[in-house]
Every structure is written in structure tokens, then in C-alpha cells.
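In what follows, a single structure is set out as C-alpha cells and then discussed.
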Amino acid sequence: MRLLLDTHVVLWAALWPERLPGPASVLLTDPTNQLLFSVVCVWEVAIKRGLNRADFVVDPQQLRDDLLANEYTELPITGQHAVAVASLPLLHRDPFDRMMIAQALVEGVTFLTADPAMAGYKAPIRMI
């Protein structure tokens, strides 16, 4: 299964694996799953770290380097992703989350999140 990880799932996996619910840990350690992170995730970390958010303490460059070193696949943003955002209902106002949902739809991957606000999208979403 190809899994696109929401930013909080990426941060939990990288910094606080004990925060991951059991089912998420199983998905993330299953060698048959391909784990993807969006460049949106790195961008979100960079912005929120710059705002001194306590939950975004990691250096974005270090996070990206560590994800790549651990064989996560980086998903760039394309024009097709940007266009897909326009077709999403306004269930969630966070532009980072909306872009990642659009990416999941366009790429046909499952979006892994713990954010209940995301569950209403008609996308392949797996709640943890």
C-alpha cells in the first residue's frame, strides 16, 4: 500500500514514535508499504517552526534528510495537485492539509491521518 503521511504522523514517526497508535506503527513498519511524505509537510514544518510553535521544533532540513535516509519517498507538488485543490469541498481550512488531500486523490494513494476533520473528504483516507 502507498501511504501519504499527514504532517503530524511524520513528526510522530520521526520524533515521538511512542505517540503513534498501534495500528499506525504496524502500517509504518510493514515493509510492503511505501511511505510517502509531501514537500508540503516540510514546508509546513518550516513555517510553523518559524512561528515558534512548540510542536514544530525539528529543523526542516534535518527532517527531510532523515526521512529520505529512512527510505521515505518525497512527493513533490505538481500543477495537477494545485488544480485538484479547487475541486475539494471546504471541509478543512488548513491549506497544507488541503494540498495533501489533493495529492492523495491525484496520486491514488492512501492519506494516513489522525485528524478527524479530514475524514469527510472523498479521498482514500485512513484514520489512525
Checklist line | Fluctuation leader among GLU18, GLU107, GLU74 - the chain, Gaussian network, Cα springs under 10 angstrom | finding: GLU18
Item checked: Per-residue HN-Hα couplings for the stretch 112-121 [Karplus 6.51, -1.76, 1.60; θ = phi - 60°; Hz; x = Gly/Pro] -> 9, 8, 10, 7, x, 5, 7, 5, x, 6
Check: Picking from ALA117, ALA13, ALA104, which is most flexible by a Gaussian network model of the chain using Cα springs under 10 Å?
Finding: ALA117
Note to self: Among THR32, THR73, THR113, which one shows the highest mean-square fluctuation when the chain is modelled as a Gaussian network with alpha-carbon springs under 10 Å?
What the structure shows: THR32
Item checked: Amide H contacts under 5 Å for GLN34, placed H, 5+ residues apart -> ARG2, LEU3
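How large is the helix-only mean residue ellipticity at 222 nm for the chain, computed as the sum of -39500 (n - 2.57) over DSSP H runs with n ≥ 4, divided by its residue count, in deg cm²/dmol to the nearest 500? Don't skip to the answer; put the middle values down first.
Numbers: 6 runs with 59 residues, N = 128.
After summing the helix terms and dividing by residue count, I get -13500 deg cm²/dmol.
No lab work stands behind these numbers, since they all come straight from the coordinates. Only a predicted model underlies this, so the values are computations on that prediction, with no experimental measurement involved.
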